[in-house]
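I have placed the structure first, in the form of structure tokens, so that the comments after it can refer back to it.
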Amino acid sequence: PAPAQTTTLTMSSWVSPQHHITAVVLQGWANEAEKATNGRVKFSMLPKHPSAPPGTFDAVRDGLVDLSFVTASYTPARHILPLMPELPGSGDTALANSIAYSRIHWKHFHKLGEYKGVKLLGVFTHGPGQMFTKKPVRSIADVQGLKIRTGGGVAEQVAKALGASAFVKPAPESYELLSSGVADGVFFPLESIISFKLETVLEQATLFPGGMYSSAFGFFMNEDKWNKLPRQDQEALEKISGEHIARLAGNSWDEADRKGMEALKKSGVKIVNANSEFVAEVKKRSTPIIEDWIQKANAKGLDGAKILAEFRDELKKAAAVK
Amino acid sequence: MIEGLVGLAVMMLLCCLRIPISFSMALVGMVGYAYMRDWNWTVAFATVQTKLYETGRNYTLSVVPLFILMGNFVTRAGMSQELFRAAYAFIGHLRGGLAMATIWASAGFGGICGSSIATAATFAKVAYPSMKKFGYSDRLAAGVVAGGGTLGIMIPPSTIMVIYGIFTETNIGKLFAAGIVPGIVGAILLCGAVQYMTWRDPASGPRGERSTWGERFRALKDVWAVAVLFLFVMGGIYGGLFTATEGAAMGAFGAMVFALWRRALTWTTLYAALLESARTTAMLFMILIGALIFAEFVNITTMPADLKAFVTRFNVGPTMVVAAICAIYVVLGTAMEELSMILLTIPVFFPVVVHLGFDPIWFGIIIVCVVEIGLISPPVGMNMFVLRTLIPELSTATIFSGVLPFMWADVLRLALLVAFPILSLWLPSFMK
Amino acid sequence: MSVPEPRWKRRADALLGVPASVVLLAMMGLTVVDVVARYRFSRPVRGAFEVTELMLVVLIFAGLPLVSFSDEHAVMDFVDRLLGPRGQGRLQRCVHVVNAAFMFLLTWLMWRKADRIWAYGDATDVLRILYGPFVYFMAITLAFAGVIHLYKVVERR
Ligand code: NA
Ligand code: NA
């Protein structure tokens with residue numbers, strides 16, 4: 001047979017090369033894609049991400065890099081619908097949350113074109129974002145005035161709604177903020193505690209069912225490059241996209257969270273499940289944030305409340321099947 | 001690799017034609033990027049747009065203008081003059097004494113200011129005129145101001161350490177502590193360079209007047225304001241009042257309070273200090289934006305991969321790898337702007353170094369040291385440009401020849417820091 | 001240098017110099033207030049982080065025409081020795097033509113970027129400040145710098 005024409009696509013990540021998103025999710029998907037296309041599509045990882053993290057969407061759209069991923073909340077004006085799986089009390093695992101969100105996205109959200117301009121391959125979320133503090137926290141009263149660092153978005157809104165004095169700083173400053181005492185606590189998924197080496201400066205992890213927040217990601221490709229791929233390669237890539245990516249990334253986040261939990265236990269951080277009273281209070285206080293999302297989804301022409309209910313159903317299904 | 005080197009050569013050519021360094025880097029970066037992408041101008045333009053749009057929107061970089069402002073306030077409050085006078089009272093009577101006083105005053109100033117450029121700019125105004133008055137040669141006077149200025153980022157607080165710490169998630173507090181001993185070693189070696197220059201040509205650095213012990217203690221007593229400001233900034237950072245990034249604004253505020261209290265600030269001088277800082281900031285960021293556009297071009301050449309391959313080929317021993325990395329940095333640092341060099345190469349080298357089991361704190365100090373060398377290694381070095389801007393009668397050639405002994409002193413220190421990690425790691429070992 | 005500058009020059013300088021100075025002072029003040037409010041009253045200034053970023057943008061791009069105006073861009077001057085005073089003057093004019101052209105290219109690029117950012121309605125995360133106007137501001141100051149370089153081409157020296 002005649003040698004098939006090969007295409008090399010560039011890929012890049014705004015987190016470190018060792019981070020599981022780069023090493024497991026991006027690289028893992030690239031390997032699958034190479035196999036699925038019989039080596040006709042190859043990938044090369046850029047040594048340095050071509051933009052600041054929030055500029056990733058435009059970087060892929062403009063072709064500075066062919067494939068990348070980004071948190072939807074970095075472009076809050078463009079990506080309102082992906083806030084749904086970020087709301088408090090979503091999935092208990094990244095896998096369940098990612099699968100449920102992926103199903104809702106492709107069924108209801110995708111046609112509204114929030115990812116217009118790029119070829120969206122998949123969506124996913126990280127695990128439940130929890131509260132980590134330098135002081136013991138037993139009830140909502142202990143949270144009042146606590147200086148909590150968040151990355152903004154839903155997390156900042158929740159922290160503020162709980163009565164914490166919430167502020168936004170870059171994630172890599174977290175260690176310095178906590179060790180020096182500028183911050184009393186942070187909101188993070190378990191994974192980030194080890195990746196930012198925070199386990200030595202924390203005293204307590206307070207776990208809420210479904211977490212306080214999450215982050216929704218999109219993984220996408222430059223549209224021109226996609227359109228130039230031969231039909232058979234497009235089909236091969238479609239097969240390993242969508243929910244497949246949600247599973248790949250969800251599993252990877254959960255694995256990273258498990259390691260985070262181990263590290264926390266090893267370093268003697270107290271792990272506390274919030275009691276029912278505390279959980280109820282958090283739920284009550286975060287209702288306006290959920291209402292707000294419903295309003296915004298309605299403004300986009302969707303039935304926000306109904307979709308949210310459907311999402312919660314999908315969450316249950318995804319959690320049951322595994 | 002070859003494209004990257006051609007790009008550097010063309011950029012140097014444009015610079016020599018007197019096109020501003022910032023625009024030269026941006027132009028070559030843009031055209032080079034288009035070339036690498038098969039003359040796809042859409043993508044090249046998008047890269048330029050991205051860098052213009054994003055570089056300013058970077059919270060960490062907000063420390064740069066604030067440290068520059070702090071330097072301006074400190075000088076207007078008379079504190080840099082006091083530092084210089086105190087250092088002069090002790091060693092001014094030695095051969096090259098004023099030059100060595102400039103170095104120790106720069107080191108002291110480095111303790112309250114996080115920017116090398118601000119330090120060099122300050123002593124261009126404070127020490128350079130004195131040295132001229134005492135008949136110092138242009139070469140020595142310019143070289144020592146540029147060289148002493150580099151201490152501003154080794155002695156904490158430090159802009160480069162903040163940026164390195166945030167990019168590599170290394171503890172900034174420990175980095176700050178780690179810089180103190182290498183900073184003092186650096187000051188001693190720079191004094192050695194002064195001695196070498198005045199030994200070769202005694203007329204270039206005549207002796208000053210000897211001060212009495214009474215004068216010396218009076219001069220030393222004046223330095224208390226600097227000490228207070230140092231304790232305020234460092235105490236605030238270590239005490240958890242504010243972060244290292246916020247430390248720049250707090251330090252500038254503290255310096256402003258001192259300037260007000262000493263009645264050194266009127267509306268006119270306040271405006272002058274702010275305006276000058278704003279202009280210096282804009283000048284620096286234009287170079288940074290140009291350098292980052294250039295770095296994007298280098299990023300898609302094979303240069304980063306080639307450098308990594310080159311480094312890892314030294315698998316005879318980890319120390320050789322580090323030595324190779326240092327050599328690359330010193331060479332790159334001659335022609336690249338330092339911050340963009342760091343931003344481009346840290347993702348390539350940091351994982352290699354950590355993987356080999358080296359301490360990230362120690363590597364941070366090595367990085368600061370190579371940046372210091374880059375700041376005074378011709379042809380592209382910010383400290384030299386600052387001097388050139390502030391003292392128009394100095395020619396680039398004079399500055400270039402004047403900084404060389406100081407550059408070699410810094411290279412020697414780099415070797416010491418690589419050979420003896422304890423120099424960097426001793427002080428932070430006392431921190432939890 | 002000691003010749004007093006004509007009044008129009010001082011006014012032109014103040015047009016961007018005053019805003020840049022005010023922004024720099026405000027940048028310092030905002031952090032101080034944020035630190036004190038967070039430490040003393042547990043009430044950090046909401047969105048201080050993103051406002052600082054926007055102020056840095058204004059500072060840099062308001063400063064750019066000032067740098068062009070006062071000829072403070074970092075340059076290398078090796079060639080000066082080779083050329084006589086007349087040759088230097090001619091070269092400088094040529095360089096300013098290149099600078100002006102480049103500034104206008106950047107103006108066009110930034111204006112297009114601004115259009116897109118504006119169309120998306122991109123805004124900061126916490127305070128929802130629109131980015132669009134800031135990007136238009138960048139384009140305008142780049143154009144301003146271009147005009148200054150053009151002026152330097154024809155300026156009598
Ligand atoms: Na310093
Ligand atoms: Na250099």
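Going by the alpha-carbon gyration tensor, a ≥ b ≥ c the square roots of its eigenvalues, is the stretch B:356-410 rounded (a/c under 1.5) or, if a/c is not under 1.5, prolate (a/b greater than b/c) versus oblate? Kindly include the intermediate steps, with their values, before the conclusion.
Values: a/c = 4.24, a/b = 2.69, b/c = 1.58.
Prolate.
Taking loop as defined by DSSP and a crowding limit of 16 other beta carbons within 10 Å, which chymotrypsin sites (Phe, Trp or Tyr not before Pro) in the stretch A:55-159 fit? Show your work: numbers first, answer last.
Numbers: sites: A:57, A:69, A:74, A:101, A:106, A:109, A:115, A:124, A:132; in loops: A:115.
Counting only loop positions with at most 16 other Cβ atoms within 10 Å, none of the chymotrypsin sites (Phe, Trp or Tyr not before Pro) in the stretch A:55-159 qualifies.
With N residues in chain A, what two-decimal value do you get for its Cα radius of gyration over 2.2 N^0.38 Å?
Values: Rg = 19.9 Å, N = 322, 2.2 N^0.38 = 19.7 Å.
After normalising by residue count via 2.2 N^0.38 Å, the value is 1.01.
Given N residues in the stretch B:66-159, what is Rg(Cα) / (2.2 N^0.38 Å)? Kindly include the intermediate steps, with their values, before the conclusion.
Details: Rg = 11.9 Å, N = 94, 2.2 N^0.38 = 12.4 Å.
Computed over Cα atoms of the stretch B:66-159, the ratio equals 0.96.
Other chains' Cβ within 10 Å of B:11-18 residues: what's the mean?
Working: counts 0, 1, 0, 3, 5, 5, 8, 15.
Partner Cβ neighbours, averaged per residue: 5.
In 10 Å bins starting at zero, report the fraction of Cα pairs in the stretch C:22-80 per bin as a rounded %.
20, 34, 22, 15, 7, 2
Find the eigenvalues of the gyration tensor of the Cα atoms of the stretch B:207-358, then list the square roots of 5 times those eigenvalues as equivalent ellipsoid semi-axes, largest first, in whole angstrom. Before the final figure, lay out each step's value.
Details: eigenvalues 350, 105, 62 Å².
Gyration-tensor ellipsoid for the stretch B:207-358: 42, 23, 18 Å.
How long are the semi-axes of the equivalent ellipsoid of the stretch C:7-154, taking √(5λ) for every eigenvalue λ of the Cα gyration tensor, in whole Å from largest down? Present the calculation step by step, with values, prior to reporting the outcome.
On the way: eigenvalues 272, 76, 30 Å².
Each semi-axis is the square root of five times an eigenvalue, giving 37, 19, 12 Å.
Would you look at the GNM of chain C, springs on alpha carbons closer than 10 Å, and say which of C:130, C:83, C:66 moves the most?
C:83
Which is the longest stretch in chain B that no exposed loop site breaks, taking sites as GluC sites (Glu not before Pro) with a DSSP loop state and at most 12 other Cβ atoms within 10 Å? Walk me through the intermediate numbers first.
Values: sites that count: B:209, B:393.
Free of exposed loop sites, the longest segment is B:1-208.
Summarise the partner chain shielding of C:36-46 as one whole number: the mean count of Cβ atoms from other chains within 10 Å of each residue's Cβ. Working shown, then result.
Numbers: counts 4, 1, 8, 8, 0, 2, 7, 4, 10, 1, 6.
Other-chain Cβ atoms within 10 Å of each residue's Cβ, averaged: 5.
At most 10 other Cβ atoms within 10 Å and a DSSP loop assignment: could you name the trypsin sites (Lys or Arg not before Pro) in the stretch B:66-160 that fit? Working shown, then result.
On the way: sites: B:76, B:85, B:95, B:125, B:132, B:133, B:139; in loops: B:95.
Hits after loop and neighbour filter: nothing returned.
Mind jotting down the distance between the C-alpha centroids of the stretch B:326-388 and the stretch B:108-164, whole Å?
First find each Cα centre; the distance between them is then 18 Å.
Whole-Hz Karplus ³J(HN,Hα) for the stretch B:46-60, in order, using 6.51 cos²θ - 1.76 cosθ + 1.60 and θ = phi - 60°, x for Gly and Pro?
Result, rounded to whole Hz: 4, 5, 4, 4, 4, 5, 4, 6, 9, 4, x, 7, 9, 4, 4.
Using a Gaussian network for chain B with springs between C-alpha atoms less than 10 Å apart, which of these wobbles most: B:323, B:124, B:89?
B:323
Grab the other residues whose beta carbon is less than 10 angstrom from that of residue B:244, score K and R as +1, D and E as -1, and report the net. Show your work: numbers first, answer last.
On the way: positive: none; negative: A:173, A:176, B:246.
Here the count lands on -3.
Dividing the convex hull volume of the alpha carbon atoms of the stretch A:88-140 by its residue count, what do you get in Å³ per residue? Please report the intermediate quantities before stating the final value.
Numbers: hull volume 6.8 nm³, N = 53.
Given the Cα convex hull of the stretch A:88-140, per-residue volume reads 128 Å³.
Can you list residues from other chains, or at least 5 along the same chain, whose modelled amide H is less than 5 Å from the amide H of residue A:221?
So residue A:221 has HN proximity to A:119, A:120, A:121.
Tell me the Kirkwood hydrodynamic radius of chain B in angstroms, computed as one over the mean inverse distance between distinct C-alpha pairs.
Kirkwood hydrodynamic radius for chain B: 21.9 Å.
Take every DSSP beta bridge whose two residues both sit in the protein assembly as shown, then give the antiparallel share in percent to the nearest 5. Could you put the intermediate results ahead of the total?
Numbers: 22 of 38 bridges.
The antiparallel proportion sits near 60 percent.
Note down the net charge around residue B:417, summing +1 for each Lys or Arg and -1 for each Asp or Glu among other residues with Cβ under 15 Å from its Cβ.
Summing Lys and Arg as +1 and Asp and Glu as -1 gives -2.
Per the helix-only calculation at 222 nm, which mean residue ellipticity applies to the protein assembly as shown, given -39500 (n - 2.57) for every DSSP H run of n ≥ 4 and division by its residues, nearest 500 deg cm²/dmol? Kindly include the intermediate steps, with their values, before the conclusion.
Details: 40 runs with 589 residues, N = 911.
About -21000 deg cm²/dmol.
For the stretch B:173-232, what D do you get in µm² per second when you plug the Kirkwood radius from alpha-carbon pairs into Stokes-Einstein at 20 °C and 1.002 mPa s? Please report the intermediate quantities before stating the final value.
Values: Rh = 14.7 Å.
This corresponds to a translational diffusion coefficient of 145 µm²/s.
Compute the separation of the alpha-carbon centres of the stretch A:27-81 and the stretch A:280-322 and state it in Å as a whole number.
For the stretch A:27-81 versus the stretch A:280-322, the Cα centre distance is 28 Å.
How much of the pair distance distribution for the protein assembly as shown lies past 47 Å, counting alpha-carbon pairs only, in percent? All intermediate terms of the calculation are to be shown ahead of the outcome.
Values: 101219 of 414505 pairs.
For the protein assembly as shown, the fraction of Cα-Cα distances above 47 Å is 24 percent.
How large is the Kirkwood hydrodynamic radius of the stretch A:62-186, counting all unique pairs of alpha carbons, in Å? Present the calculation step by step, with values, prior to reporting the outcome.
On the way: mean 1/r = 0.0613 Å⁻¹.
Result for the stretch A:62-186 stands at 16.3 Å.
Test of the criteria: in the stretch B:308-392, which chymotrypsin sites (Phe, Trp or Tyr not before Pro) are in a DSSP loop and have at most 16 other Cβ atoms within 10 angstrom of their Cβ? Walk me through the numbers before you get to the answer.
Values: sites: B:310, B:314, B:329, B:349, B:358, B:362, B:363, B:385; in loops: B:314, B:358.
Hits after loop and neighbour filter: B:314.
Throughout, read-outs are computed from the coordinates displayed, never taken from laboratory work. On a predicted model such as this, the values are computed, not experimentally measured, just so you know. Because the Cβ atoms are built from the backbone with ideal geometry, glycine has one as well, and the counts that use them run over all protein chains shown.
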